[in-house]
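Here is the structure we will look at, set down as structure tokens.
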Amino acid sequence: MVSGGTYGIEDIVHGAGYGRAILFLILTPLLWSLPTAFMIGELSSTLPFEGGYYAWVRRAMGNFWGFQEAWLSLAASVFDMAIYPRLFVAYLTRLFPWFAVNSRGVMVGLAVVILCALLNIAGVKVVSTTSLWLFFVLSAPFALVAILSPLKYGALFHAVTTPTTSKVDLIGGLLICMWNYMGWDNASTIAAEVERPQRTYPRAMLAAVAIVALSYIVPVAAVWMTRLPAAAWETGSWADIAGLLGGPLLRIALVLGGMFSAFGMFNALVMSYSRLPLAMAQDGMLPKFVGKLHPRTRAPWVTIIALAVGWAACLGLGFERLVTLDILIYGLSLTLEFLALVVLRIREPQLKRPFRVPGGMLGAIAVGIAPVALLGFDLVRSEGEQIAGMSSFAFAAIVIGVGVLAYALKQVVKPAGWAQPEPVS
């Protein structure tokens, strides 16, 4: 459930160049992903509850902050989830430019949203099965790119490629890199549906960081050997690169892979995000009808439909703008998770922790410093982007403020009686 995948990294090369792009792809998992994986490894193995990070923050800091954690995560998902249908269309138009005309691409993106919502209502097993097969399908074309690139050493310096429209710069490349390495906490919301989460999550998180980093770095480093200009890269460029290296068949394979990647990511994340309102409804923090389950699959169908409407509403926003808003709001929710790690160490030291962030209390504090510091780059960028006549930062501030107002309204409507965090067995 990590954002983007190999198909989402093209604009990093465009904005930063090969050398700095590879540097970003090496350092970002160390400063951003690995600390997050350590934090999630401890909290998910300690509190494997439905709702994941929402349950952790609420357990550590109470109803208000638990509500804000859920609100920030769902608000970030609105912008995050709109990116994947855009990636799907970006690759589709490499084969069929007809879909790039007028609003046809938006209609295709809307179809992706509807189909994935229906798949998730069909049940978790369908989602997990399709995602597993997609992993194997997506890996094969990039393996061929890595093998064929050294055979074209220096041969693509003057290659003719599709003119790019990307305006991503150095900071934009870094933010897209951060986006491609975020999402490690998404799987925590379905902890109650995973076998032996105390053992499964820590091992899966640490192994996944290494696998994902290699899947990004190896193909980019290989193409660098061909001397293809960095300015030729943009979202969807893997298809053109594959065509230059292996001909039309490999190009088609990369296009189909890009479409499957975007579809698979969206499909898996629908499952993750839909469990947040479900957990909140079960805690009495949202109306009970929000937590209604499908009688056969037990999927939270009301939540899935409601979220799908919000995701579809943002399909028209630009890729970089969506990434900036996503990281800014998601970063605040991630900060609350790191705070929950420290607060639970202080307030409930007796909790059984099958996996611990190493270094004692100092380690628990230090592990969150680098990820939070990296959010400063997003703050700089958000001041210069415009949405609805205001900066992205101001727009995000309004979205965040709505969460506080929503909590106040909930208190007025239902001032008492909210469920308390359940004790850990």
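The values are calculated or read from the model by the stated rules, or taken from the named source; none is laboratory data. Since we're looking at a predicted model, the values are computed, not measured. With ideal geometry, Cβ positions are generated from the backbone for all residues, glycine too; neighbour counts draw on all protein chains shown. To get the accessible areas, we keep the full protein, side chains included, count just its heavy atoms, and leave off ligands, DNA and RNA. Shrake-Rupley method; radii C 1.70, N 1.55, O 1.52, S 1.80 Å.
Before moving on, here are some points about what is shown:
- Pairs where the first residue, in the range 96-117, is within 16 Å of residue 258 (Cα to Cα) and modelled with pLDDT under 90 and the second is surrounded by 13 or more Cβ atoms within 10 Å (Cβ to Cβ) and small (Gly, Ala, Ser), C-beta under 6 Å, 6+ apart: 99/105
- Number of the exception - residue 137 against (1) crowded, with 16+ Cβ neighbours inside 10 Å; (2) assigned to a helix (DSSP H, G or I); (3) at pLDDT below 85: (1)
- Whichever residue in the range 317-357 is without any contact (Cβ under 8 Å) to a residue 60 or more places away in the chain and either closer than 29 Å to residue 175 by Cα or among the polar types (S, T, N, Q) (or both) and, among such residues, is least open to solvent (accessible area, probe 1.4 Å): 331
- Qualifying residue in the range 368-378 (condition: over 15 Å from residue 42 (Cβ atoms), touching a residue at least 24 places away in the same chain (Cβ under 8 Å) and touching a Gly at 6+ places or on another chain (Cβ under 6 Å)): yes
- The listed residue being more than 17 Å from the chain's Cα centre (by Cα), among the aliphatic types (A, V, I, L, M) and in a helix (DSSP H, G or I), out of 72, 23: 23
- Near pairs, Cβ below 6 angstrom, 6+ apart or cross-chain, from the range 12-40 (free of Cβ contacts under 8 Å to residues at least 24 places away in the same chain) to any residue that is buried (at least 21 other Cβ atoms within 10 Å of the Cβ): none
- Filtered residue count, the range 377-418, keeping only those that are of a type in the set (Val, Ile, Thr), within 15 Å of residue 331 (Cβ to Cβ) and open to solvent by 80 Å² or more (accessible area, probe 1.4 Å): 1
- Neighbours by Cβ (under 6 Å, 6+ apart or cross-chain): first from the range 382-397, closer than 23 Å to residue 68 by Cβ; second hydrophobic (A, V, I, L, M, F, W, C) and open to solvent by less than 50 Å² (accessible area, probe 1.4 Å): 382/328; 392/325; 395/387; 396/325; 396/328; 396/329
- One residue from 88, 67, 79 being open to solvent by 20 Å² or more (accessible area, probe 1.4 Å), among the aromatic types (Phe, Trp, Tyr) and assigned to a helix (DSSP H, G or I): 88
- For residue 298: the one exception among (1) at pLDDT below 85; (2) of a type in the set (D, E, K, R); (3) in a helix (DSSP H, G or I): (3)
- Residues being farther than 16 Å from residue 27 by Cβ and open to solvent by 30 Å² or more (accessible area, probe 1.4 Å) - total across the range 358-371: 7
- With respect to (1) farther than 22 Å from residue 323 by Cβ; (2) part of a helix (DSSP H, G or I); (3) not basic (Lys, Arg), the lone exception for residue 34 is condition (1).
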